Structures are given as structure tokens and as C-alpha cells.
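Okay, structure first, notes after.
The values are calculated or read from the model by the stated rules, or taken from the named source; none is laboratory data. Please read these numbers as outputs of a predicted model, since none were measured by experiment. As a convention, Cβ positions derive from the backbone with ideal geometry for all residues, glycine included, and neighbour counts pool all protein chains shown. Keep in mind that these areas ignore ligands, DNA and RNA; they rest on the heavy atoms of the full protein, side chains included. Shrake-Rupley method; radii C 1.70, N 1.55, O 1.52, S 1.80 Å.
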Amino acid sequence: MDSDGMCCLKKSLAENGKFYLASVALLLGIKYFYATADSDQLLWILAPTAWWIGILSGIPFEYVSPIGFINHSFQFILAPSCSGVRFMIICAAMLIFSFLHRMKTHWKRFLWLTGSLALSYLFTILVNGFRVLISIWLPLFLFKSGAFRTLNQWLTAQNLHTMIGTIIYFTSLLTLYATTEACLKKTSDSIPRSARWWWLPAFWYFAILLGIPLLNRPYKASSPAFLHYAGLTALPCIIILGTVGLIWLFFHKLKKYK
């Protein structure tokens with residue numbers, strides 16, 4: 001890094017450092033709270049998610065403490081592991097650390113930090129409602145069509161559940177980043193000019209989903225269960241990134257020839 005780049009980095013840290021530190025402390029606090037919380041302690045996100053699912057589909061949920069929200073007809077439990085808190089942390093980290101430095105005053109930085117947390121919370125409930133519904137309906141469709149009996153030889157119900165969540169969450173994260181970028185630029189150009197934009201949300205997704213657990217327990221890196229989970233999450237993301245890259249390349253080339 002040259003001297004100009006170093007000066008810019010020092011200036012950015014001086015202006016935003018305390019906001020970054022506050023954000024790290026807050027997000028780590030939420031993460032460690034979530035690690036030991038039961039459904040009673042997560043009602044602030046489970047209850048609106050169950051309500052949103054009911055609005056979307058009419059599927060009712062009954063709350064059973066401390067298990068979570070249960071639907072007996074579909075034999076589905078909206079438990080703490082399905083709350084979407086990790087996704088909320090990923091969204092908040094991405095919004096704060098990717099865009100806060102663009103805010104020009106302390107007041108705007110404070111508003112961006114608090115607004116990012118609020119938006120991440122609401123966005124998680126919105127996305128998680130769709131994720132739960134697809135997690136309920138897709139396996140039923142595959143089972144009734146007979147496709148699941150064929151797929152079950154290599155794709156179990158649990159693996160399918162993990163991949164559904166990964167696809168929905170990762171696609172939603174890319175959408176959130178691209179939308180935020182477009183809004184901040186205040187431009188009608190909805191196609192990002194740089195092909196590198198999608199790697200930033202991908203970094204935050206994998207850093208928090210896989211990186212933090214490895215930092216907590218390094219021995220998990222060689223665990224078959226962790227490697228299996230990492231593969232199930234990485235494969236859909238790589239396919240999505242490749243698809244997004246091809247779409248971006250197509251529209252970028254199309255604009256150049258207009």
C-alpha cells in the first residue's frame with residue numbers, strides 16, 4: 001500500500017473506528033446470546049416470523065415453551081435454530097462494514113449503524129418467512145411427485161433443508177447489497193459496473209457462517225460433519241455466484257454495444 005492509501009486508511013479508522021468497535025461488540029454480543037438462548041428468549045424474532053408465515057400462507061403456529069412455534073399438521077417446528085439470527089448478524093455486518101465509511105458525519109454514521117440493525121431485523125423476518133414456507137412445501141412436493149425417493153439416495157431431508165436455507169439466504173443477501181449500493185449511488189443504473197461487487201456479501205456470508213465457528217473451535221475444520229455442512233453451503237453459493245457473474249457479463253456487454 002502506498003503512502004496515499006495508508007493516509008486514507010488512517011483517516012477512515014480515525015473517523016469510523018469507534019463505530020466499527022461498537023458494531024463488533026454488539027454483533028458478537030448478539031451471536032453469543034443466540035448461542036445459548038431458548039425460544040422464550042428469542043420471541044422477539046420468532047413471534048413476528050410465525051405471524052408473517054401465517055399472513056403468507058394461512059398456516060397456524062402454536063407456541064410451546066421452550067421448544068418454539070409448532071405446526072402439527074406439517075410437523076414443523078419454528079425453533080431457535082430456525083430463527084434467522086445468524087442471517088440477521090450477517091446482514092447487519094455487511095451493511096455496516098461495507099457502507100458506513102461513506103457517511104460523512106458522525107450523526108449520519110450513527111443513523112446508518114442503527115438503521116442497519118433495524119433493516120437487518122426486518123429483512124430477516126421477511127426472508128425467513130419465505131424460507132420456512134419453501135422448507136415446508138418443497139419436500140412435500142418432491143415426496144408426492146415421487147422425486148424424493150430418487151433424490152433421497154444422495155440428498156437427505158436434512159441436507160435439502162440446509163441447501164434451501166443457503167440458496168434463499170445467500171440470494172437475498174446479494175439482493176440486499178445490490179439494492180443498497182444502487183440506493184446510495186442514487187442512479188438509475190441498476191447494473192453494477194464492477195464485476196467484483198458480489199464478492200463482498202459472499203465474504204461476510206462465509207466469514208460469519210463458517211469462519212467464526214472455526215475460530216471458536218479450530219479442531220472442527222477436520223470434522224466430517226463440519227466439512228459436510230461446509231460443502232452443502234459452499235456448493236449452492238458457488239453456483240449462484242457463477243450465475244450472477246454470467247448475467248452481469250451479459251448485460252454489461254449488452255450495454256457496451258448499445
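Listing for the model above:
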quantity	calculated
Simple label model, 7 Å out from Cα along Cβ direction - W197 to L138, nm	2.6 nm
Full-stretch length increase - T156, I212 - with 0.36 nm per residue and alpha-carbon distance subtracted	17.5 nm
Accessible area in the full protein assembly, largest first, 1.4 Å probe, for V24, V127, V244	V24, V244, V127
Cα-based shape type of region 8-130, given that a ≥ b ≥ c are square roots of the gyration tensor eigenvalues and the cut on a/c is 1.5	prolate
Ranked by how many other beta carbons lie within 10 Å on average, peptides 112-124, 165-177 from highest	165-177, 112-124
Inter-label distance for K104 and A79, nm, one decimal - labels placed 7 Å from Cα along Cα-to-Cβ	5.1 nm
